[in-house]
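The values are calculated or read from the model by the stated rules, or taken from the named source; none is laboratory data. Just so we're clear, the structure is a prediction, and the values are computed from it rather than from any experiment. Cβ atoms come from the backbone with ideal geometry, glycine included; neighbour counts cover every protein chain shown.
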Amino acid sequence: MLKSLIVKIEAQGDIFKWTYDGVPFDGKAAPLEWSGKYDGKDYPLKGSSEWDASAVKRIDAKTIGWIDKKAGKVVATWQFTVSKDGKTQSWTGKVKDAKGQEIKHSSVFEKQ
């Protein structure tokens, strides 16, 4: 779990770059970076020991589906939705722990 997380999303044409700057409760920085298209294909995820690729697909104008993988196997599924006013983003997901058990997550982020 993280005690803080800043997510920066940049678009260059149809390529999106997500940069995660998180601080877990143990205080060790956990920066992550993903760049790719929202086409459902795998693109490398840098900075994680838990995941090595992510596949993202647009569901509608405000929602994307996100799948994290490790060695080709799905380890997490997410849905990210931006509010109508564009000021908040909600995340819901399921992540498999080291024992293969599913843990549900949900978060809400405010635009700064």
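Among the residues of the range 80-91, write down those that are loosely packed, with under 14 Cβ neighbours inside 10 Å and part of a strand (DSSP E or B).
Within the range 80-91, just Thr88 meets the criteria.
So the check is Cβ under 7 Å with 6+ separation or different chains; which pairs have a first residue in the range 5-27 that's loosely packed, with under 14 Cβ neighbours inside 10 Å and a second one that's outside any strand (DSSP E or B) and at pLDDT 95 or above?
Within 7 Å, the pairs are Asp14/Lys37; Ile15/Lys37.
So in the range 45-77, with the set limited to residues that are loosely packed, with under 15 Cβ neighbours inside 10 Å and of a type in the set (S, T, N, Q), which one is nearest to Ala30 (Cα to Cα)?
Among those that are loosely packed, with under 15 Cβ neighbours inside 10 Å and of a type in the set (S, T, N, Q), it is Ser49.
Which of the numbered conditions does Gln12 fail, given that it passes all the others? Conditions: (1) modelled with pLDDT under 95; (2) out of contact with any Gly (no Cβ under 9 Å at 6 or more places or on another chain); (3) of a type outside the set (A, V, I, L, M, F, W, C); (4) within 19 Å of Gln89 (Cβ to Cβ).
That leaves (4) as the condition not met.
Tally up the residues in the range 76-110 that are over 19 Å from Lys37 (Cβ atoms), β-branched (Val, Ile, Thr) and within 12 Å of the chain's Cα centre (by Cα), please.
Total meeting the criteria: 3.
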